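The values are calculated or read from the model by the stated rules, or taken from the named source; none is laboratory data. This one's a predicted model, so the numbers in the text were calculated from it and none came from an experiment. We work out accessible area using only protein heavy atoms, side chains counted, and drop any ligands, DNA or RNA first. Shrake-Rupley method; radii C 1.70, N 1.55, O 1.52, S 1.80 Å.
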Amino acid sequence: MTVRIQSEPFDAGQELSRFTTQTGNVGAVVTFTGIVRSDGDNPVTKLMIEHYPAMTERAVALMVDAARERWSVTDCLVIHRFGELHIGEEIMMVAVSSAHRADSFEAAQFLMDYLKSRAPFWKKEFRTGTAAWVDGKLEDENALRQWDSEL
Amino acid sequence: MTSNQIDIVYFAWVRERVGHPRERISSRATTVMELIDELRLMGPEYEAAFADIAALRVAVDQQLVTFDAQVGEASEVAFFPPMTGG
């Protein structure tokens, strides 16, 4: 199990390749990669991600522990960046391995839902002439309900 | 009544409204809500930051809690908007 909170860019392809090599004899690896996206009439030019260093790693580790209790997971990797990020850069990735695909798919979805709304990260979007903090979304909050977890 | 030294930390727009990321205060609060009442008295920037409690989240000693949580023994309390990771 690996959790990395870092400002440096990472290469999701290389990370996946390393993860798959290290995880050993599994039947399934599921990954999700989040990428900085530009949209709208006045598109996002960059993101600043703030986090709570004293809390972040522990909060994410608790999510990984909860996923391992719930599903038959062989290994997990979570990488999440903070600081300044530009369009097209990878923000974060989750990789989960297991004997069968259902465990990896569901554990990855669970981790993503919790990382969205329970890991102490805050995104600020910069557009030409303006900057604004991203609001938490009700749909992200609702996504947690399906898991009915104590986290 | 004894007072407790608590480090208060702020993130995202809460930090911007308060004007600084961290401070140590002397508090007599027993719950998060009482602590917020004390902070609101510290100036208009605090009133602005704590105007709408529904827009805030709180962690006591790095654990997410609700506003009725105890802070009597806490060493660090953090205030921030809903998290937007991922």
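Data overview
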item: Crossing angle, helix A:101-118 versus chain A [Cα axis fit, 0-90 degrees, rounded to tens]; result: 40 degrees
item: Alpha carbon centroid spacing (whole Å) that separates region B:58-86 from region A:1-61; result: 24 Å
item: Helix-only [θ]222 nm of chain A, DSSP H runs n ≥ 4, -39500 (n - 2.57) each, per residue, nearest 500; result: -12000 deg cm²/dmol
item: Solvent-accessible area, 1.4 Å probe, carbon plus sulfur percent, for chain A; result: 47 percent
item: Computed over the protein assembly as shown, Cα set: Rg, Dmax in Å; result: 19.3, 61
